[in-house]
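**Student:** This is the structure I want to talk about, given as structure tokens.
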Amino acid sequence: MASVFACLTRLVAARTLPVQVAAVCYRVSGGSVEFLLVNTSSGKWTFPKGNVSPSLSPQESAVREAWEEAGATGRIAQRHFGSYLDTKRALGHDSRTREVQIVAYLFEVHTTEKPPESGRNPSWFPSHEAKKQLAEGRSRQYAAQIADVIDSAVRHLAAERTARPTPIVPAAPATFSITMGWPRIGRICSARKRASVSVAPPAGNGTIMLIGREG
């Protein structure tokens with residue numbers, strides 16, 4: 001009963017927490033997944049994330065954060081694949097933090113350039129290194145949750161590759177010859193006898209005929 005009560009307490013608390021969206025930016029390199037992380041204002045590594053804009057959907061808000069903080073463009077998943085809790089410094093208070101709930105969307109990065117926001121230092125990390133960097137500066141509770149996001153992302157991407165149909169490549173046409181068997185005698189149209197030099201036919205004394213005016 002105590003565990004059920006504790007679970008309900010967490011659910012009620014989660015409903016009152018501020019909600020943000022994160023773009024879990026990734027790329028597949030050499031068969032392995034790499035993640036694009038950025039620095040927070042306090043120097044910790046994190047996913048590009050932020051508040052949901054009233055004029056944008058959660059997915060569009062995550063796309064905006066990927067661009068503003070990491071300079072990344074690409075393709076966002078239409079549904080979130082997970083969520084986690086993290087802390088954020090209270091506005092105007094460097095020492096005070098508040099807990100936020102973050103909804104995570106997979107974001108396949110196509111291109112990157114210098115982000116509009118300065119000091120973000122966007123950097124690529126393989127999955128094991130990303131978990132290590134994300135754990136720094138966080139308590140064990142938050143580090144474990146954000147590490148689960150990395151593991152869940154890798155599982156989702158592996159499942160997508162497995163479910164993706166293998167393209168069917170048509171077989172190359174069989175080689176063939178335009179010669180159907182050995183040539184037949186009736187089809188040979190070339191000369192069958194060596195050419196000989198023709199000579200004038202024999203004749204007797206020739207007759208000379210003159211044509212012209214008389215007188």
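The values are calculated or read from the model by the stated rules, or taken from the named source; none is laboratory data. This structure is a prediction, so every number in the text was calculated from the model and none was measured. Heads up, the Cβs are rebuilt from the backbone with ideal geometry, glycines too, and the neighbour counts pull from every protein chain shown.
**Student:** Tell me the strands (runs of 3 or more DSSP E) entirely within segment 26-96 that contain at least 2 residues that are over 19 Å from the mean Cα position of the chain (by Cα).
**Tutor:** So the answer is 32-39, 49-51, 82-89.
**Student:** Identify all residues within segment 118-132 that are in a loop (DSSP other than H, G, I, E, B) and buried (at least 16 other Cβ atoms within 10 Å of the Cβ); write none if there are none.
**Tutor:** Of everything in segment 118-132, those that are in a loop (DSSP other than H, G, I, E, B) and buried (at least 16 other Cβ atoms within 10 Å of the Cβ) turn out to be Arg120, Pro122.
**Student:** Moving on to the next point. Scan (1) under 20 Å from Tyr84 (Cβ atoms); (2) modelled with pLDDT of 95 or more for the single condition Arg27 breaks and write down its number.
**Tutor:** (1)
**Student:** Restricting attention to segment 56-89, report how many residues are acidic (Asp, Glu) and either more than 19 Å from Ser41 (Cβ to Cβ) or touching a His at 6+ places or on another chain (Cβ under 7 Å) (or both).
**Tutor:** 1
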